[in-house]
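Trainee: Below you'll find the structure I mean.
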Amino acid sequence: MIRIVTLSDFPPDVIDFVSRRIHAAYGMGCELEGDGAVPKGALDDEQSAYDAVKMVDEMDDDVTLYADDKIIYLTKEALTAPPGPMGLGPVAGYAQYGGGKAVATAYGLGEKGLPSVEAGLAKRAAHYVGHLWDLHHCYDVRCAMHPGWAPGFAAYPEVALCLFCREKSERKIKLGSG
Ligand SMILES: [Zn+2]
Ligand SMILES: [Zn+2]
């Protein structure tokens, strides 16, 4: 089961859309678990954004996770990540690679050049959930695992996995529930 925990207020139809798209992409149940509070230590004052890594790692929630459960946190806040190959800067989310928890933000969606909040959040959430199953970035511009900063993200707002990523996720899901 993939559990959605909201860290900001979202209209129910947006959450419903996101959970349906994730369910369709991975063939696994996806439902709203509830809402949560962002850990205070995750706010990076200098950048007026939340540290996405701290946000996920320090999240203190009492969701009961079973072996193959995943949590995707949804927020509207600006997120940032520690310096990496792409440098320090805004990110659309973060995932514990091969782990249990990820976050995706609706920040910036609905503005010029980006998909609507509903479509964009579904695609970002599906992308970071994919990393939880060790899916890596994908060259197929239509695939949800194509990087969010690449033009394909906005050009193909629908949530779809290419055959390679779909098969890899199916193998991982099968292993996780075995
Ligand atoms: Zn990614
Ligand atoms: Zn792919």
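The values are calculated or read from the model by the stated rules, or taken from the named source; none is laboratory data. Nothing here was measured: the structure is a model prediction, and the numbers come from that model. Using ideal geometry, Cβ is built from the backbone for each residue, glycine included, and neighbour counts are taken over all protein chains shown. Areas reflect the complete protein model, heavy atoms only, side chains present, ligands, DNA and RNA absent. Shrake-Rupley method; radii C 1.70, N 1.55, O 1.52, S 1.80 Å.
Trainee: For the range 122-154, how many residues meet the condition of being over 20 Å from PRO90 (Cα atoms), over 16 Å from the mean Cα position of the chain (by Cα) and not acidic (Asp, Glu)?
Mentor: 3
Trainee: Going residue by residue through the range 136-155, is there one that turns out to be over 17 Å from PHE17 (Cα atoms) and in contact (Cβ under 8 Å) with a residue 60 or more places away in the chain?
Mentor: Checked the range 136-155: at least one residue is over 17 Å from PHE17 (Cα atoms) and in contact (Cβ under 8 Å) with a residue 60 or more places away in the chain.
Trainee: Please enumerate the residues belonging to the range 1-15 that are under 23 Å from TRP133 (Cα atoms), open to solvent by 40 Å² or more (accessible area, probe 1.4 Å) and not aliphatic (A, V, I, L, M).
Mentor: Passing the criteria: none in range.
Trainee: Tell me, which residue of the range 128-154 that is in contact with a His (Cβ under 8 Å, 6 or more places away or on another chain) and either closer than 15 Å to LYS101 by Cβ or of a type in the set (A, V, I, L, M) (or both) is surrounded by the fewest Cβ atoms within 10 Å (Cβ to Cβ)? Please lay out each step first, then the result.
Mentor: First, pick out the residues of the range 128-154 that are in contact with a His (Cβ under 8 Å, 6 or more places away or on another chain): 137-140, 144-148, 152-153.
So of that shortlist, the ones also either closer than 15 Å to LYS101 by Cβ or of a type in the set (A, V, I, L, M) (or both) come out as 144-145.
Details: ALA144: 31, MET145: 22.
The qualifying residue surrounded by the fewest Cβ atoms within 10 Å (Cβ to Cβ) is MET145.
Trainee: Moving on. Search the range 152-169 for residues being away from ligand 1 (no atom under 15 Å from the Cβ), in a loop (DSSP other than H, G, I, E, B) and not acidic (Asp, Glu), and hand back the single one that is nearest to ALA25 (Cα to Cα). Explain how you work it out, then say what you get.
Mentor: Restricting attention to the range 152-169, the residues satisfying the condition of being away from ligand 1 (no atom under 15 Å from the Cβ) are 154-158, 160, 163-164, 166-167.
Then keep just the ones that are in a loop (DSSP other than H, G, I, E, B); that gives 156-158, 160.
Add one more test, that the residue is not acidic (Asp, Glu), and what stays is 156-157, 160.
Numbers: TYR156: 15, PRO157: 13, ALA160: 6 Å.
Top of the filtered list is ALA160.
Trainee: Restricting to the range 117-139, name every residue that is within 13 Å of ligand 1 (Cβ to nearest atom) and of a type in the set (A, V, I, L, M).
Mentor: Across the range 117-139, the qualifying residues are ALA125, ALA126, VAL129, LEU132, LEU135.
Trainee: Now a separate question. For the list (1) open to solvent by less than 50 Å² (accessible area, probe 1.4 Å); (2) of a type in the set (Gly, Ala, Ser); (3) touching a residue at least 24 places away in the same chain (Cβ under 8 Å), I need the number of the one condition that GLY113 fails.
Mentor: Condition not satisfied by GLY113: (1).
Trainee: Does at least one position in the range 36-58 carry a residue that is within 25 Å of GLY176 (Cβ to Cβ), at pLDDT below 90 and not in a helix (DSSP H, G or I)?
Mentor: Yes, because at least one residue in the range 36-58 is within 25 Å of GLY176 (Cβ to Cβ), at pLDDT below 90 and not in a helix (DSSP H, G or I).
Trainee: Of everything in the range 16-34, what is in a helix (DSSP H, G or I), surrounded by fewer than 20 Cβ atoms within 10 Å (Cβ to Cβ) and aliphatic (A, V, I, L, M)? Give them in sequence order.
Mentor: Correct list: ALA24 only.
Trainee: Further question on the same structure: Which ones in the range 77-104 are of a type outside the set (A, V, I, L, M), open to solvent by less than 20 Å² (accessible area, probe 1.4 Å) and within 13 Å of ligand 1 (Cβ to nearest atom)?
Mentor: GLY93
Trainee: Identify, by number, the condition in (1) on the phi > 0 side of the Ramachandran plot; (2) near ligand 2 (Cβ under 10 Å from one of its atoms) that TYR139 doesn't meet.
Mentor: All conditions are met except number (1).
Trainee: Consider only pairs whose beta carbons are under 9 Å apart and that are at least six residues apart or on different chains; among these, list those whose first residue lies in the range 156-175 and is modelled with pLDDT of 95 or more and whose second residue is open to solvent by 80 Å² or more (accessible area, probe 1.4 Å) and of a type in the set (Ser, Thr, Tyr).
Mentor: CYS162/TYR139
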